[in-house]
1. Express in nm, to one decimal, how much length is gained between residue 130 and residue 77 on full extension, taking 0.36 nm for each residue of separation and deducting their alpha carbon distance.
2. Based on the Cα atoms of segment 3-126, what semi-axes does the equivalent ellipsoid have, where each is the square root of 5 times one gyration tensor eigenvalue, given in whole Å with the largest first?
3. At a temperature of 20 °C and a viscosity of 1.002 mPa s, determine how fast the chain diffuses translationally according to Stokes-Einstein, using the Kirkwood radius over alpha-carbon pairs as Rh; express D in µm²/s, rounded to the nearest whole number.
4. When ranked by the protection proxy of mean other Cβ atoms within 10 Å per residue, highest first, what sequence do the peptides 90-103, 176-189, 300-313 form?
5. Pull out the extension gain between residue 201 and residue 338, defined as 0.36 nm times the separation in residues minus the alpha carbon to alpha carbon distance; nm, one decimal.
6. Give the dimensionless ratio obtained when the Cα radius of gyration of segment 222-354 is divided by 2.2 N^0.38 Å.
7. With the crude spin-label approximation of a point 7 Å out along Cα→Cβ, what separation in nm comes out for residue 101 versus residue 219?
8. If each of residue 303 and residue 236 carries a label point 7 Å out from its Cα toward its Cβ, how far apart are those two points in nm?
């Protein structure tokens, strides 16, 4: 089923159509990856993509199932013309994306059209991946896996965190990635206790943790993985903390399946870490959905009440972070299935001492 047909099935009854302007939603819905465009998806008429002169040729190729209209100097006048042609009186819009100024502009230009604020129904549709999406995610993961293998041969005392991050990104681009999927985290020594400690000019030292959280964008889809290594020999406490995080991650992966809530998935790891005395040192959720965006639905955290659907792809990334000492996180991506999940990340999770 085409994606705009899936959208039609979930359009609220009080609307005649949905206006889509958010970039990733527009890209997912149409296949068009230009930076400017408005999509009108009604209940019966052929869906329409409006874009400007820079992108009309591209849009025609990328969106064969859509009517492509080139906008002129007043794109909202062109939009109104489409709505009138399709007899659209009630137009839904993405309330979590449209700014107040944009809303005022739409309200003033779309005479005779009622604007209906909607929850992000496309984001809900995006949470369930089709086979093609899972294949692209798998390829993005494979690039990150290869980058991890490469960086183990690159790491040494004397490098800066920033040099490690740049090497990871450069290597992934050499394998076909469009770029990093987020600002790469490389946090060493005491800085590894920072959950989102992006790379700095700190010099890597001996016998300390190096936590690396990275991923890439590949053909519009993201990967995300974390590995924590010791640059030298691990001491007893480092081994203890690492072992607890690994056990928690494996417990979560062993219990994640379609039909449980994100909160229940989170508890699989959180209860183990808490029982070992480190509950207060695990202050973020177990994971998150991932796809065109690094963070998308479904949620996987202590406040996530919605169920994990079949076909969703989520990260599993428990951690322990001890201020002024260091921290450990281990993260994989998994596909949620009936009765379990399939791990996409292939890199070893055994404690590496370099």
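1. Additional length available on full extension: 15.5 nm.
2. So the equivalent ellipsoid measures 19, 17, 14 Å along its semi-axes.
3. It comes out at roughly 98 µm²/s.
4. So the order, starting with the most tightly packed, is 176-189, 300-313, 90-103.
5. The residue 201-residue 338 span can extend by a further 44.8 nm.
6. In units of the 2.2 N^0.38 Å rule of thumb, it is 1.02.
7. For the pair residue 101/residue 219, the computed spacing is 3.8 nm.
8. My value for the distance between the label points is 4.0 nm.
Since every read-out is calculated from the coordinates, none of them should be taken as a lab result. Note that this is a predicted model, so its numbers are computed, not measured. Note: ideal-geometry Cβ built from the backbone for every residue, glycine included; neighbour counts use all protein chains shown.
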